[in-house]
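The structure appears right after this line, and notes come after that.
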Amino acid sequence: MTKALNPQRRLVGGRAVVNRDWIREFTGASVGTAARWYKVRDEQPEEHRHPEKERVDGKDFYDEQQFRDFYTWFQEQKSSKVLKADPELYELTLEAVVSINKAAELLNFAGASTIRKYQQANPGYFPDSVGEVEGPTGRMIQAFRVGDLQDFDRGRTGEKLGKAGRRPGPQPEAPVGRPSALEEVLAAELSAHAGGEPLTATQLAERFAAEAIERDGYRPGLAAELSVQYGGPQRSWEWVVRNALEHRPATAPARTEADRRAAVALAALREHGDIRGLAASLAREHGGSPDVWSRAVNAARRLTDPTT
């Protein structure tokens with residue numbers, strides 16, 4: 001569970017200074033976003049730059065007025081980059097109804113597929129359809145009220161929503177690769193161990209993988225499960241899991257690499273069945289050549305069916 005925010009504001013020499021949690025509460029930013037604002041401060045115009053940190057009672061604080069100035073500039077920059085709607089959108093009557101194709105054209109989207117992606121990946125982000133109209137091929141397609149499209153356009157602020165309009169941070173029933181969640185967990189973990197030697201994101205990810213293996217044992221698909229739980233690309237978690245397996249302390253007589261690969265292949269066979277391309281998939285997940293994993297799969301087949 002992410003640690004609760006602890007926003008703090010102090011007066012230093014007549015100036016107000018605030019901590020990172022105050023900034024997050026004020027802006028609604030994630031841990032990663034707030035950290036990046038500071039990390040790239042040297043790339044920002046000097047007159048609008050994120051304030052430098054200063055130590056107060058052993059903790060990092062930032063000049064409040066300088067941050068407010070930075071954030072005002074940042075919001076203006078985002079708004080200026082928002083895709084502008086076609087002026088025709090505001091020339092139509094509020095109750096007019098247009099097809100999904102026309103809606104995409106008015107909003108300057110690449111096509112109707114953009115709207116469909118919004119609807120599929122983030123229900124509620126884009127206005128609801130109000131019915132259907134006949135499309136260019138005679139097929140019935142979605143239709144939208146112009147007033148709803150105008151409201152949607154006015155609400156576009158330039159926030160980075162991610163693929164198909166998903167906002168940063170934990171998502172309900174998120175697919176593999178949920179963004180930002182690992183940053184949140186990492187921040188909570190580091191806060192809980194303040195004063196100790198800091199962990200990198202990789203070290204923390206390996207800890208999570210090792211704990212999962214210790215608790216439930218290794219199984220194919222573990223990388224995907226960790227990606228869903230903590231965020232980040234599945235391929236990155238495959239690398240993390242592989243490292244965790246390699247560095248796992250031996251609790252039994254060491255097996256040969258061939259035995260280890262056969263055991264992994266056997267678990268994959270039991271979970272997925274004897275599917276085509278299994279050896280290549282195991283090679284991508286665990287490293288090594290497909291030929292080596294092909295031998296491991298064959299050995300696993302013999303274990304499942306000694307007559308083969």
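Sorting the segments 103-111, 51-59 by their mean number of nearby beta carbons within 10 angstrom, highest to lowest, gives 103-111, 51-59. What FRET efficiency do you get for Q66 and R235 if R0 is 41 Å and r is their Cβ-Cβ distance, rounded to the nearest 0.05? Rounded to the nearest 0.05, the efficiency is 0.55. Legend: residues H48, H286, sorted from most to least accessible area (1.4 Å probe; ligands, DNA and RNA excluded), read H48, H286. Using the alpha-carbon positions of segment 59-152, Rg (one decimal) and Dmax (whole number) come out as 18.2, 66 Å. Legend: residues L282, L11, L266, sorted from most to least accessible area (1.4 Å probe; ligands, DNA and RNA excluded), read L11, L266, L282.
The values are calculated or read from the model by the stated rules, or taken from the named source; none is laboratory data. Since the structure is predicted, the reported quantities are computational estimates derived from the model, not experimental observations. Note: ideal-geometry Cβ built from the backbone for every residue, glycine included; neighbour counts use all protein chains shown. The area values use the complete protein model at the heavy-atom level, side chains included, leaving out ligands, DNA and RNA. Shrake-Rupley method; radii C 1.70, N 1.55, O 1.52, S 1.80 Å.
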